[in-house]
Every structure is written in structure tokens, then in C-alpha cells.
Amino acid sequence: MSVWPSSVTLMSPMNKITDLPTASKLLSDFLHRKSRVLVLTGAGISKDSGIPDYRGKHGSYKKGHRPMTIQEFKSSTYMRKRYWTRGFFGYKNLNEAKPNAGHRELARLANRWGSGTLGVDVDASAAGGSGELQSSWLRVITQNVDGLHQRAGSPEVLELHGSLHRIVCGSCGHEAPYSREEMQQVLFDLNQAKKEREVVVLPSAASSCPSSASSSSDESNSDYLFPSTLQLKDVQAENFFPVNADGDAEVEDEDIITRFRLPACQACGKDFLRPDVVYFGDKVPGSRWDTVSNWTKHADGLITMGTSLAVGSAWRVMRQCVENGVREIVVVNEGPVRVDEERDLGQLKQVVKEDESGTETKRPPAVEKLWVHRLEVGCSEVLVEMNRTT
């Protein structure tokens, strides 16, 4: 594939705006200039919901956390036990998370946009459409797997990395007949002793949990994590372990991990059940990229919120927007962002182009300007401030 120098000129220097009123006015002015806006969100927008992020000032990576890769998950039953043990004890943090002001403000904007109270109607033929009038819209592409944008009421959300709330088989692709929340009960039932004399191995931190005293050891019986007198709600009422991003609890006790029982797929019988998410080292399904391609072809503005753009899929979304004609981008993030580096911004001045035969195609000579506005403020704060002052 040939990479041609683009006729896009980057407007520089790119000043960082840290003043909240100034940032909110810039964002408001940007939105009123646009008709079809894409908002790309990352873990930073869910931080105020109590879900840790990866690369923020206090993110998981700062503490040495390394998420499991898809290759590790597939490698052995032990690694899958490790994944689900940590997921079981960390799920409470995710399940109790609620949409924050940032999610709600984005949903409010998206619904106002769709109702025609913001923006203007545009001729879809000008954006490669069918020629029919296409209403203005604001759509969300999220890297997050927590489902909080949908719960807040955003009408059009593409979950680029999937959803933690769906369970599928990593071997045959069968979708489990229960949700991630229901999976908690499935896992608990498999790991609960059915008789008082069965051996129970609990986390050392579980001493405060009701009925947590271990039974006398009997090697003729299998070891279980939870006594017969305990209920799932008792376990989920406690915070046994610190929790990292995406509900990954810091369970390192080999005794707990090796004894953890896994359910089998009802279709193929293998222990490959997993949340329907894109693991690190995995690929985003092609059908989602088809949606990204369609949306970016019709967008005239991009906002990134709470993402460092360090993950390749996020950078690809931004690249596609620029390649498809977006010439103004607002980047909102409190921490460092990939576009803070001039060399990375320079990559946005290149456009990949080739025809079906692989022959290089010529680009029009017109020079266009690419504006990137860098707002170093909180996602929720700037959205709330914008709503308050407009």
C-alpha cells in the first residue's frame, strides 16, 4: 500500500488549554460549527464512575498492572482460571458503576442532535450518501467495555472493543444463554461447597465474611472456595482485593486460582467462555471497522475524550476521520495524549490511497488545513461547564 504525502497542513503550534471556561467555550463553538460529530471515548470518561483507567495519573499501568493478552488466555486452563478468578472478585466494582455526568451530558447532546434541535440538516450526497436529506447527528465510538454510554441514554454507540456484559465461547463462538452478571452466580455455584465437611479455601482477606471459617480437611472431597452457608451477595458485599481497570482484581494466591472451577460451553463443552471483548493482542472484528468506515465518511468533526490514543485501534479511528475529510479535531484528556508529540501529529498529514489494482492514485493539489485543539481538562467537567454556560 502506498503512502502519499497529504495536502493537509497541520496548524501549529498546538497550544494546550487548561482553563475550564475557555475549554468549554471552545468545545461549544466547535459543536455549533458541525453537523455530524463523532466522539471517540476511552477509559478516562468512566473514571468518575469509579472504574480505574489504564494510563492516567493514577491508572493501572502506574501500579505495574499488566492485563492478560488473548494469547495467554488461550494458552492453558490455568490462565483461564486466573482470568476468571480475578474477574469474579473484581466484577462488583464494574457492576456497581453508574453513568457519570460525562456520560449523561454526551447522551443529552446526542439526543438533542438527533431531534434536530442542534446543528442543521445537510445534503447526504455531499458526504457520499444517497442524496436524501440526512439529519445532523452525534455518535459515540467507545474503547470502553462497561456499557455506561448506553445506560446513560446515548442512542448510537459503537463498542469498538466489545462488551463485558456478553459471554461467548472463545473456541466455537457460541453465545452463552446468560449475561456477565448472571455468570457471577454460575461461577459461585460451581465453587461453593455442597456439604459442610468439604474443604473450603477462602481468600485470607475473607475473614470478615459471614460463615467463612474453613471446614476440617478431608482429602476424599474436592476443595471449594466458598462454604455451603455462604451466599453470593455475601461475597460481593466485600472488597477482598484491589481492583484494576476493567474489573481485574489482584488475585495472586495460587491456591485460589488452581481450585477455581470453570463452566463449560453448552455447545462445544470446552472451558473457553469469555466476555465478548477484544483482549490485548486481539483484533477488532471487521464488521466494527465497517461501521467505523461508514461513520467517518459522513463525519465533519471528531472529539476524543478520555483516551491517550496510544492503542492502535483508537489511532486508526482518528486516521480514518482525517483520511475521509475531517479537518477539525478536539482532543480532551487530562493526561498525555499521543498527538502531544509533533511526530505523531505529522502522521495525520499522510493519507493512505490506492486503487483496486494496487496502483498509486494521484491526489488533488488543493491545500487544506487540519486544526487540532488540545484541551487538558476533565471530560465530565468540561461537558458540565459547557451545559451550564450555553
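Things to note:
- Some residue of the stretch 157-164 being acidic (Asp, Glu) and buried (at least 19 other Cβ atoms within 10 Å of the Cβ): yes
- The stretch 347-361 - residue that is outside any loop (DSSP other than H, G, I, E, B) and at pLDDT 55 or above and, of those, nearest to Ile303 (Cα to Cα): Gln347
- Given (1) buried (at least 20 other Cβ atoms within 10 Å of the Cβ); (2) acidic (Asp, Glu); (3) farther than 22 Å from Glu159 by Cα, number of the condition Asp248 does not satisfy: (3)
- Hey, Gly102 at positive phi, at pLDDT 95 or above and touching a strand residue (DSSP E or B) at 6+ places or on another chain (Cβ under 9 Å) or not: no
- Strands (runs of 3 or more DSSP E) contained entirely in the stretch 1-72, each with at least 2 residues that are modelled with pLDDT of 70 or more and either in contact with an Asp or Glu (Cβ under 6 Å, 6 or more places away or on another chain) or not small (Gly, Ala, Ser) (or both): 36-41
Residue by residue, here is whether (1) at pLDDT 70 or above; (2) within 26 Å of the chain's Cα centre (by Cα); (3) within 19 Å of Thr41 (Cβ to Cβ) holds:
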position: Asp290; (1), (2), (3): yes, yes, no
position: Lys297; (1), (2), (3): yes, yes, no
position: Gly301; (1), (2), (3): yes, yes, yes
position: Asn324; (1), (2), (3): yes, yes, no
position: Leu345; (1), (2), (3): no, yes, no
position: Arg363; (1), (2), (3): no, no, no
position: Leu370; (1), (2), (3): yes, no, no
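The values are calculated or read from the model by the stated rules, or taken from the named source; none is laboratory data. Computed from a predicted model, the values in this text were never measured in an experiment. Ideal geometry is used to build each Cβ from the backbone, glycine not excepted, and the neighbour counts take in all protein chains shown.
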